[in-house]
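Trainee: Could you have a look at this structure, given as structure tokens, before my questions?
The values are calculated or read from the model by the stated rules, or taken from the named source; none is laboratory data. Please read all numbers here as calculations on a predicted model, not as lab measurements. No Cβ is skipped: glycine too gets one built from the backbone with ideal geometry, and neighbour counts run over all protein chains shown.
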Amino acid sequence: MKRTIIKIDEKLCNGCGACVTGCHEGALQLINGKAVMISELYCDGLGACIGECPVGAITLEEREAEPYNEDAVMERMVTKGEKVILAHLRHLKEHGEKVLIQQGMNYLKEHNIKIDFPQKQEKNCNGTNGNLACGCPGSMMQEIKRPSMPSFSMATSPQVQTSELRQFPVQLHLLNPNASFLQGANLLLAADCTAFAYGGFHNRFLKGKALAIACPKLDSNIQVYIDKLTEMIDVAMIDTLTVLIMEVPCCGGLIKIAQMARDQAKRNVPMKVVIITIQGDIKKEEWV
């Protein structure tokens, strides 16, 4: 399967070992003076090791790799002691990976291993409170909790609408298909321009959905988009897929990307296509 996983540039790697200690899952080791991925099975693709590398030798990429296995990680980790287990669980918590945390806690419970995992918010790598993990803040997966709000009417209320965004990041290249906020979600795949063209974007289309934005004309490596959407269908088990595009011809490529992903996936998912005019009206809306 294709998924997000780390890539090590051996020419840049200076063998300092900072990434090895930063990877609590045990996916990295120093061999012949270079950091080496010893098993794709243990790499969660969340990139904690990136923030530890002083020379920028580690990046994230999409490629064929073994599916990440939390039970296998826990089996290796319990031999390293409570501090390592807690560091791993905090790492998952910082990235909002509730599903993986639960899998890890279930493993500990099944094997009668007692760990006092704090539920309160902890300090991150820059010494402040919050969910900011080490590495690039803009690519960290975050689930956004918002209070329930009454339906918004642009025609009757002058108030500023509350954002319906439930996660960050939103660009499809940056999304991890295994992120907890995608599990069983209704996914909105929106062309970049649609949120600016349609005034009620948040209330009409985004409310209650996970979001991925893309531009089929300007974005590179479209095959990655197809592979990610396929994984969201088969692994994250998204419930529905809504493709929101502009009426301009180039935007139709986003529909083709979604259709190719659905055809490639092992399970079928209901898909709706919505087309917005340049004037900001709904031109077409149908299930396909």
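Trainee: Output the residues belonging to segment 182-200 that are crowded, with 21+ Cβ neighbours inside 10 Å and either out of contact with any helix residue (DSSP H, G or I) (no Cβ under 9 Å at 6 or more places or on another chain) or in a helix (DSSP H, G or I) (or both).
Mentor: Residues satisfying the conditions are 182, 194.
Trainee: Let me ask you something else. Pick from segment 235-254 the residues that are within 21 Å of the chain's Cα centre (by Cα) and at pLDDT below 95: which of them is farthest from residue 211 (Cα to Cα)?
Mentor: 235
Trainee: Quick one: count up the residues across segment 53-84 that are buried (at least 20 other Cβ atoms within 10 Å of the Cβ) and in a helix (DSSP H, G or I).
Mentor: Adding up the residues that qualify gives 4.
Trainee: Now a separate question. Can you confirm whether segment 265-273 contains a residue that is part of a helix (DSSP H, G or I) and either at negative phi or outside the structural domain of residue 70 (by TED's automatic domain parsing) (or both)?
Mentor: no
Trainee: Could you tell me which numbered condition residue 254 fails, if it satisfies all but one of (1) closer than 22 Å to residue 193 by Cα; (2) among the aliphatic types (A, V, I, L, M); (3) surrounded by fewer than 21 Cβ atoms within 10 Å (Cβ to Cβ); (4) touching a residue at least 60 places away in the same chain (Cβ under 8 Å)?
Mentor: Here residue 254 meets the rest and fails (3).
Trainee: Suppose we filter segment 85-106 for residues that are assigned to a helix (DSSP H, G or I) and either more than 17 Å from the chain's Cα centre (by Cα) or not aliphatic (A, V, I, L, M) (or both); how many remain?
Mentor: 15
Trainee: Test residue 44 against the stated conditions and say whether it is under 18 Å from residue 4 (Cβ atoms), in contact (Cβ under 8 Å) with a residue 24 or more places away in the chain and either touching a Phe, Trp or Tyr at 6+ places or on another chain (Cβ under 9 Å) or assigned to a helix (DSSP H, G or I) (or both).
Mentor: Yes: the conditions hold for residue 44.
Trainee: Moving to a separate point now. So which residues in segment 18-37 are assigned to a loop (DSSP other than H, G, I, E, B) and surrounded by 15 or more Cβ atoms within 10 Å (Cβ to Cβ)? Working first, answer last.
Mentor: Initial filter on segment 18-37 (assigned to a loop (DSSP other than H, G, I, E, B)): 23-27, 32-33.
Hits for segment 18-37 are 23, 24, 25, 26, 27.
Trainee: Another question, if that's okay. So which residues in segment 203-229 are assigned to a helix (DSSP H, G or I) and in contact (Cβ under 8 Å) with a residue 40 or more places away in the chain?
Mentor: Matches in segment 203-229: 203, 205, 206, 224, 225, 227, 228, 229.
Trainee: Oh, and also: Which of the residues belonging to segment 1-40 are within 21 Å of residue 67 (Cβ to Cβ) and among the small types (Gly, Ala, Ser)?
Mentor: Matches in segment 1-40: 26, 27, 39.
Residue-wise test of (1) among the small types (Gly, Ala, Ser); (2) in the same structural domain as residue 222 (by TED's automatic domain parsing); (3) touching a Lys or Arg at 6+ places or on another chain (Cβ under 7 Å); (4) modelled with pLDDT under 80.
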residue: 17; (1), (2), (3), (4): yes, no, no, no
residue: 34; (1), (2), (3), (4): no, no, no, no
residue: 73; (1), (2), (3), (4): no, no, no, no
residue: 80; (1), (2), (3), (4): no, no, no, yes
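Trainee: Let me ask something else. Hey, residue 217 hits all of (1) out of contact with any Lys or Arg (no Cβ under 6 Å at 6 or more places or on another chain); (2) within 18 Å of residue 285 (Cβ to Cβ) but one; which does it fall short on?
Mentor: (2)
Trainee: Assuming residue 241 fulfils every condition listed in (1) part of a strand (DSSP E or B); (2) out of contact with any Leu (no Cβ under 7 Å at 6 or more places or on another chain) apart from one, which condition is it?
Mentor: Only one criterion is unmet by residue 241, namely (2).
Trainee: While we're on this one: Can you name the number of the only condition in (1) loosely packed, with under 15 Cβ neighbours inside 10 Å; (2) at pLDDT 95 or above that residue 223 fails?
Mentor: (2)
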